Amino acid sequence: MRSIYGGTLNASHIDQEVTLCGWVDTRRDHGGVIFIDLRDREGIVQVVFDPDGQDDFSRAERVRSEFVLQVKGKVRARSAETVNSNMATGEIEVYGTELEILNESAPVPFQMDEYTNVGEDVRLKYRYLDLRRDEMQNNLRLRSKVTTAIRNYLDDNGFLDIETPILTRATPEGARDYLVPSRTHDGKFFALPQSPQLFKQLLMVSGFDRYYQIAKCFRDEDLRADRQPEFTQIDLETSFMSEEEIMAVTEGMIRKLFQEIKGVDLGDFPRMPFAEAMEKYGSDKPDLRLPQQLVEIKDLLKDIEFKVFAGPANDPSCRVTALKVDGGAQLSRKQIDEYTKFVSIYGAKGLAWIKVNEIEKGIEGLQSPIIKFLGDEVTMAVMERTGAKNGDIVFFGADKAKVVSEALGALRCKLGEDLDLYTSEWAPLWVVDFPMFEEIDGGWTALHHPFTAPSCTPEELKANPGTALSQAYDMVLNGTELGGGSVRIHRQDMQQTVFEILGIEEAEQEEKFGFLLDALKYGAPPHGGLAFGLDRLIMLMTDSSSIRDVIAFPKTQTAACVMTDAPGAVNTLQLNELNIRLKQKEKPAEE
């Protein structure tokens, strides 16, 4: 039906006869000549009909936006005064000789141009229309180019594309599983995979020493702009490669991808230990486009009488930290109050500050309600340590270490965005040397997952689980975690030790992971891998604000599909086959 995409036409096609298919973007009637902008997935081209073609001209008069057309005609150059430099096809147009209306369209619920200002719920309800817009077409075209480039790179580096099961069993991955009831195994359930983790490790035991998969994964968790209940992972695993070698091959993939798709050279990725990232940036995924760092001032405030600072300064579990913001003295009191409210989301009880107006005047050149509590000497010592200069503002955090890190780390990024403090467009890095465990409610939890190898022996791990480091590594770009991975445990005794520290008893180990522990007995090779979030990667590459803008059919923030009205109810017959009975919610008692 089509000889060429209209959006690809240019001056080299002049005088060629073409057949186009697409949608009417706009229709204009100018003094008896009808102009139709015909849109297909490659772009828009102008088609001209004049009254000489009577039947086709009459049909052209009938068409409206989003009608589906087939057009035959000849490509011709536009006159110099009508060239449209804003269109890729702006040098040419198609003189229409035949027109067939393949389908009509009802009036659409929103405009289809790039300036559409409509609620996301409407866009998602009519997603098939939303996807016709240039922005969405461009995003999904780029997504396709990225996955093709990734497959080519991994194929060239000896990786095999192997699929792993979607129906599996529940494993402790840190989020709730989506469960699937089994009809043939009464009272039992499959789980949709949160990742292919265990299966790709078993592939290493099987001798497939370089595996990859662009895999669908599922997590039943609270959603944010960069989270979805189902998402896509670029999943890798290798055997007989060190931590450094795994990082080198995956860094090479991302660098080549950005060079090939965006023409951007990311350069070498610096390494930063987890402890340094938390100390300087309050985050394990720091945005290095921003130069501001958190500065420890605990030692300066230990002996002051102001208990808001002195208390945390003398508590080993707390942090007292300053954040200097270049040019921040311009902030109004109202804006500072808004930032105070912002940090309260992270548990901060307040946000103290000092504005630097004229540092050469000493205390007289500073402005803040807290200076009288700190004292002149301590205040000036803080200014010196933070390197504060005229026009800056210094914010303070004093609380439990986790609260201060999260609150000031988030504030650093928000101020950087609001005040445009970025010093570069792209800033990649590796965060390494993660702790093996974190302590929650008196017990140990794996910081990554329980199959991550520590950097010590089983005996050393048992003796000091709180200080043990893992062989884990996260790739971060512009403050977003692109991917995380680790060297895996490949010996049974080490895996059992980690399970014991996590409080997983022997019976539970056998029930949930017996197949893995058995496999580790049969010559499991040293192995490791990494998984990238494809949706987050495309979100960054397209400068989108949400991964929903780079997924064809995403869910809402309540994990629903408003287009298909999923999730939906099922009939009683299906429930009976599964031996499932729904529990009726009790109605609230009437007053």
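Bear in mind that the values in this text are calculations on the coordinates, not laboratory data. Here the structure is a predicted model, which means the values were calculated and not measured. Ideal geometry is used to build each Cβ from the backbone, glycine not excepted, and the neighbour counts take in all protein chains shown.
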Note: Met1 to Ser344 extended length (0.36 nm per residue) minus current alpha-carbon separation gives 117.5 nm
Filtered hits (lysines, Cα-Cα < 19 Å from Lys298, offset >= 8 within chain) -> Lys280, Lys307, Lys324, Lys349, Lys372, Lys400, Lys402
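How much net charge surrounds Gly6 when only other residues with a Cβ under 11 Å from its Cβ are counted (Lys, Arg +1; Asp, Glu -1)? Spell out each step's value before the answer.
Numbers: positive: Arg2, Arg39, Arg41; negative: Asp25, Asp37, Asp40, Glu42, Glu93.
My count for the surroundings of Gly6 gives -2.
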Kirkwood-Stokes translational diffusion coefficient of the stretch 373-494, alpha-carbon pairs, 4 °C, 1.567 mPa s, µm²/s: 72 µm²/s
Please determine, in degrees from 0 to 90 and to the nearest 10, the orientation of helix 376-386 with respect to the longest principal axis defined by the Cα atoms of the chain, where the helix direction is its Cα long axis. 50 degrees
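Evaluate E = 1/(1 + (r/R0)^6) for Glu377 and Glu276, where r is the Cβ-Cβ distance and R0 equals 41 Å; express this FRET efficiency to the nearest 0.05. Please list the in-between numbers first.
Numbers: r = 30 Å, r/R0 = 0.72.
My answer for the efficiency is 0.90.
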What do you get for trypsin sites (Lys or Arg not before Pro) in the stretch 316-372 restricted to DSSP loop and a cutoff of at most 11 other Cβ within 10 Å of the site's Cβ? none
Cα-based Rg of the stretch 290-423 normalised by 2.2 N^0.38 Å, two decimals: 0.97
Against the longest principal axis of the chain, how steep is helix 401-418, in degrees 0 to 90 to the nearest 10, with axes from Cα atoms? 40 degrees
How far apart, in nanometres, would the label points at Lys188 and Asp543 be if each is projected 7 angstrom from Cα along the Cα-to-Cβ direction? 5.3 nm
Using alpha carbon centers only, the stretch 457-477 is separated from the stretch 287-307 by a whole-angstrom value of 28 Å
All-pairs alpha carbon distance profile, the chain, 20 Å steps from 0, percent: 16, 38, 33, 12, 1
Within the under-12-Å Cβ sphere about Phe190, not counting Phe190, Lys/Arg +1 and Asp/Glu -1 give a net charge of +2
Please sort by residue number the GluC sites (Glu not before Pro) in the stretch 399-443 whose DSSP state is loop and whose Cβ has at most 15 other Cβ atoms within 10 Å. Glu425
Radius, Kirkwood style, for the stretch 6-103 when every pair of distinct Cα atoms is counted (Å): 13.1 Å
Helix axis angle, 333-344 relative to the chain longest principal axis, alpha carbon, degrees: 80 degrees
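When 1/r is averaged over all different Cα pairs and the result inverted, which Kirkwood radius in Å belongs to the stretch 29-74? Provide the component values of the computation, followed by the final result.
On the way: mean 1/r = 0.0892 Å⁻¹.
It works out to 11.2 Å.
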Want the number for Glu577 to Asn357: 0.36 nm per residue separation, take away the alpha-carbon distance, what's left? 71.8 nm
Stretch Val108-Phe240 to full length: gain in nm at 0.36 nm per residue minus the Cα-Cα span? 41.9 nm
Please report, for the Cα atoms of the stretch 47-150, the Rg to one decimal and the Dmax as a whole number; what are they, in angstrom? 17.2, 52
Whole-Å distance linking the alpha carbon centroid of the stretch 106-175 with that of the stretch 188-221 is 21 Å
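Using helices alone, I'd like the mean residue ellipticity at 222 nm for the chain: each DSSP H run of four-plus residues gives -39500 (n - 2.57), total over residue count, nearest 500. Spell out each step's value before the answer.
Values: 18 runs with 180 residues, N = 591.
Taking each H run of at least 4 residues, the total per residue is -9000 deg cm²/dmol.
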For the stretch 127-218, which trypsin sites (Lys or Arg not before Pro) are in a loop by DSSP, counting at most 14 other Cβ atoms within 10 Å? Arg183, Lys188
Across the Cα atoms of the stretch 445-591, what radius of gyration and what greatest pairwise Cα-Cα distance (Dmax) are found, in Å? 22.3, 68
